[in-house]
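Q: This is the structure I want to talk about, given as structure tokens.
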Amino acid sequence: MAESDPTTELVPEEASENPSGRELALAVDIGGTKMAAGLVTRKGEMVDRDIIRTDRDKNANDLFDSLAVIVKRQLDRAGERHGGRVVVCGIGSAGPIEPDCASVSPLNIPAWRRFPLREAIAGVVGVPVHGDLDAKAFALAEGWLGAARGHSNYLGMVVSTGVGGGVVVDGRLIDGASGNAGHIGHVIVNPDGHRCGCGARGCLEAEASGSAIEAITGRPATEPTYETMQRTGRMVGRAVASMCNFFDLPLAVVGGSVALGFGPTFFNAAQEVIDEHCRLDFSRGARIVPARLGDRSPIIGAGAVAWRGHNRR
């Protein structure tokens, strides 16, 4: 693995042994459909997890109170079930965010606009808290233990309720000016297409996310037609091809309930479009592959954010 790979800061479990029990990261994932909290070891093993539905009818504080319940439950389980102690907390949140999740404004969670998530969680957990976009956390996880392991240049991408991404170039996860780099869901793939939650038209998120699919077809993304799966794959392929051409990336790793649920039909359609549009010498042959960590990736990703921040301290 390249020396500058972002996962080199994630130290193996053996390096953290101490008499008071193994150290654990408390990992928090914030999504438009569900929120989760779990425990992750230094090796990247998810040892526990709780999931709740994101109730969009609640106000900002009530929504956080629901999250705090499962966060506290995981804190208790760290010692009671797993003989460990939580030393750090990591957040992976849908965006936009302010750096380190000082505040979050997920487009799919209207109640949270500049919500001070890091401070709120720090008040519950009592340990240092580090945060990042959920899709950037996903990219870290897949580079650490998943389908991008051993690669120093790749795109990590989540196609679920929304669409997000994280770009790793020369082994470094790109942050951007405000920490929001990688918002591939707002690459325009269909000019004059459907209106997006961000206000623009034809964004990938407005054409290929789970929410968009239901709005366009009248059917939930869990009940797609063959044509819907193909169209979604083609739209994602357009955006991925642009990223591969722009950043010189040979690999895109894609997870999320929509992408993984649509399976080979989605991935084959996306690869055909990538092959059609990646025609430069350096981008020809770029591949799109399914995430390897499955539904564990959000928690492992938030754990990766936690351990990276812990080791930098």
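Q: How about the stretch 272-294: which of its residues are of a type in the set (Asp, Glu) and touching a Lys or Arg at 6+ places or on another chain (Cβ under 9 Å)?
A: Matches in the stretch 272-294: 272, 275.
Q: Would you list the strands (runs of 3 or more DSSP E) that sit entirely within the stretch 22-110 and hold 1 or more residues that are crowded, with 19+ Cβ neighbours inside 10 Å and of a type in the set (Lys, Arg)?
A: Per the criteria, 46-53.
Q: For the stretch 156-187, which residues satisfy the criterion of being of a type in the set (Val, Ile, Thr) and within 21 Å of residue 248 (Cβ to Cβ)?
A: 167, 168, 169, 174, 184, 187
Q: Check off (1) closer than 18 Å to residue 127 by Cβ; (2) touching a residue at least 60 places away in the same chain (Cβ under 8 Å); (3) not basic (Lys, Arg) for residue 33 and give me the number that stays unchecked.
A: (1)
Results for (1) part of a loop (DSSP other than H, G, I, E, B); (2) over 21 Å from the mean Cα position of the chain (by Cα); (3) not hydrophobic (A, V, I, L, M, F, W, C), shown as yes or no for each residue.
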{"position": "268", "(1), (2), (3)": "no, yes, yes"}
{"position": "272", "(1), (2), (3)": "no, yes, yes"}
{"position": "276", "(1), (2), (3)": "no, yes, yes"}
{"position": "279", "(1), (2), (3)": "yes, yes, yes"}
{"position": "282", "(1), (2), (3)": "yes, yes, no"}
{"position": "297", "(1), (2), (3)": "no, no, yes"}
{"position": "305", "(1), (2), (3)": "no, no, no"}
{"position": "308", "(1), (2), (3)": "no, no, yes"}
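Q: Counting only residues that are among the aromatic types (Phe, Trp, Tyr) and either free of Cβ contacts under 8 Å to residues at least 24 places away in the same chain or crowded, with 21+ Cβ neighbours inside 10 Å (or both), how many does the stretch 231-251 have?
A: So the count comes out to 1.
Q: Pairs, please: C-beta under 7 Å, at least 6 apart or cross-chain, first residue more than 16 Å from residue 230 (Cβ to Cβ) and in the stretch 253-282, second of a type outside the set (A, V, I, L, M, F, W, C) and assigned to a loop (DSSP other than H, G, I, E, B)?
A: Between residues of the stretch 253-282 that are more than 16 Å from residue 230 (Cβ to Cβ) and residues that are of a type outside the set (A, V, I, L, M, F, W, C) and assigned to a loop (DSSP other than H, G, I, E, B), the close pairs are 253/146; 256/160; 257/160; 278/284; 282/248.
Bear in mind that the values in this text are calculations on the coordinates, not laboratory data. As the structure is a prediction and not an experimental result, all values here were calculated from the model. Cβ sites come from the backbone with ideal geometry, for glycine too, and all protein chains shown count toward neighbours.
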